[in-house]
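Student: Encoded as structure tokens, here's the structure I'll be asking about.
All of the numbers you see were taken from the coordinates with simple rules; none came from a lab. Computed from a prediction, not measured in an experiment: that's the story for all the values here. Quick reminder, even Gly has a Cβ in these numbers, built from the backbone with ideal geometry, and neighbours come from all protein chains shown.
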Amino acid sequence: MFATESPQTLPKFETIPNDLFAAIEVLKKELNAVVIAHYYQEPDIQDIADYIGDSLGLSQQAASTNADVIVFAGVHFMAETAKILNPNKLVILPDLNAGCSLADSCPPQEFGAFKAAHPDHLVISYINCSAAIKAMSDIICTSSNAVKIVNQIPEDQPIIFAPDRNLGRYVAEQTGRDLVLWQGACIVHETFSEKKMVQLKIEHPQAEIIAHPECEPAVLRHANYIGSTTALLKYCQQSPAQEFIVATEPGIIHQMQKKAPQKNFIPAPAMNNCACNECPHMRLNTLEKLYLAMKNKTPEITIPEDIRMAAWQPIQRMLELSSTPVGA
Ligand code: 13P
Ligand code: SF4
């Protein structure tokens, strides 16, 4: 199911222990390291992680850890967020090339011009963006708190929402707000085929469709439930349904199967007969690379201090607004 990596991409002189799980556990103790992983990571990485979560959970975890080293099994913007919150800790990412098509769809220079064209707007940016975009934002959000955060902004305050147009459109619908959207998107979540999904639903009439809000409206309109990865995981445990068509990156199905082993999870089909619903960036991380990153304490995430400080503020606002009780 998961893409395997060619052995040539690993340094030739490194010996990889047979029992990587045991070797990683030893390194965790030696380094006082915590391994935090996103649900889209390959199953072995999820199984070795000390904490698995969605983007909000991972940033909360990064904000509160006592570890000296944060091993971030996710993509670059996630590890960068951990570094922004922990300037004095070593933050390592198993593969520095693990980027994000959505973050890449919002280049800082173009976004600066967009922002300048809307001078009275508050900028709320989805966490899937670079530190430079975060530094230009007023508040960061994730898919699990975006609606809650927008609902806390006074109604007469105009808002730019960046970079994901699909999440932005969904938040606008849920809040009734007229958001100015940056037209970015995720290659993975825009790959699902409405036609094939409807066909699958005909073959599995009892199945519920659950979807991440980064999916296009044509997919979301068929969903019984829409939410962040953590919300989808909770939903399929609580729902009486026994079968689910899962419209997000299929890495999360590993946790779904662990939490609800008696239920059946079907990945939503992609438009072409490809594995393009697997995030190519997330899948660059492997257990071998994670081990080597810990052993060699590299690749390390670094951020210029002025950008880090400017990006810290809107992340901190998000963490505060996420813990505000609704209606407070
Ligand atoms: P979550 O915050 O729901 O985990 O989403 C992260 C992500 O990258 C979705 O593509
Ligand atoms: Fe980025 Fe999409 Fe991959 Fe999430 S699934 S990390 S948004 S490319």
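Student: Return the single residue from Ile127, Ile307, Ile160 with maximal mean-square fluctuation; model: Gaussian network over the chain, springs between Cα atoms under 10 Å.
Tutor: Among Ile127, Ile307, Ile160, the largest GNM mean-square fluctuation belongs to Ile307.
Student: What residue among Ile159, Ile16, Ile301 shows peak mean-square fluctuation when the chain is described by a Gaussian network model with Cα springs under 10 Å?
Tutor: Ile16
Student: Please say if the chain is rounded, prolate or oblate, where rounded means a/c under 1.5 for a ≥ b ≥ c the square roots of the C-alpha gyration tensor eigenvalues, and otherwise the choice is prolate for a/b larger than b/c and oblate otherwise?
Tutor: oblate
Student: If I build a Gaussian network model for the chain, linking alpha-carbon pairs within less than 10 angstrom, which residue out of Pro94, Pro107, Pro213 has the largest mean-square fluctuation?
Tutor: Largest GNM mean-square fluctuation: Pro107.
Student: Summing Lys, Arg as +1 and Asp, Glu as -1, what charge do residues with Cβ under 13 Å from the Cβ of Thr229 carry, Thr229 excluded?
Tutor: Computed value for this residue: -1.
Student: In the chain, which longest range has no GluC sites (Glu not before Pro) that are both DSSP loop (not H, G, I, E or B) and surrounded by at most 12 other Cβ atoms within 10 Å?
Tutor: 156-328
Student: Per-residue ellipticity at 222 nm for the chain, helices alone: DSSP H runs ≥ 4 residues times -39500 (n - 2.57), over residue total, nearest 500 deg cm²/dmol?
Tutor: Calculated at 222 nm, the ellipticity per residue is -11500 deg cm²/dmol.
Student: Considering only DSSP beta bridges with both partners in the chain, what is the antiparallel share in %, to the nearest 5?
Tutor: 5
Student: Out of the trypsin sites (Lys or Arg not before Pro) in segment 209-260, which ones are loop residues according to DSSP with at most 16 other C-beta atoms within 10 Å?
Tutor: Here the trypsin sites (Lys or Arg not before Pro) that fit, given the DSSP loop and packing criteria, are Arg221.
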